[in-house]
Amino acid sequence: MKIKFSKLIRTLRIQYAKELITIQKDSLISMEAVRKISKQAGFKKTSKFYIALQKETGCSPCEYIQHLQQ
């Protein structure tokens, strides 16, 4: 099965971002922290990160963080 290179990169970036969020899940994550995580994961625009995470997990970054904290 072939996968587009751009999709592979996006998937790897989201996996890395999820790891970063998991590491910080016990601390209060602000919107600025979400922006930093998206940049660290390689997303040029935070909006692209939101869209990609939504597709991958079915929830926004804030919802994803809340889910991890439960």
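Here are a few things to note about the model shown:
- Label-point separation in nm, residue 32 to residue 62, each point 7 Å along Cα→Cβ: 1.8 nm
- Projecting the Cα atoms of 65, 14, 30 onto the charge dipole of the range 14-70 (Cβ charges, centred on the Cα centre) puts 14 farthest toward the positive pole.
- Think of a 1.4 Å ball rolled over the protein heavy atoms: the chain then has 74 Å² of accessible area per residue.
- Karplus (6.51, -1.76, 1.60) ³J(HN,Hα), θ = phi - 60°, over the range 63-70, in Hz, Gly and Pro reported as x: 5, 4, 4, 4, 4, 5, 6, 7
- Estimated dipole of the chain in Debye, rounded to 20 [Cβ of Lys and Arg +1, of Asp and Glu -1, Cα centre]: 560 debye
- Counted residue by residue at 0.36 nm each, then reduced by the alpha carbon distance between them, the extension gain from residue 45 to residue 4 reaches 12.7 nm.
- The chain - percent of accessible surface contributed by carbon and sulfur, probe 1.4 Å: 56 percent
The values are calculated or read from the model by the stated rules, or taken from the named source; none is laboratory data. Computed from a prediction, not measured in an experiment: that's the story for all the values here. Glycine also receives a Cβ, built like all others from the backbone with ideal geometry; neighbour counts cover every protein chain displayed. We work out accessible area using only protein heavy atoms, side chains counted, and drop any ligands, DNA or RNA first. Shrake-Rupley method; radii C 1.70, N 1.55, O 1.52, S 1.80 Å.
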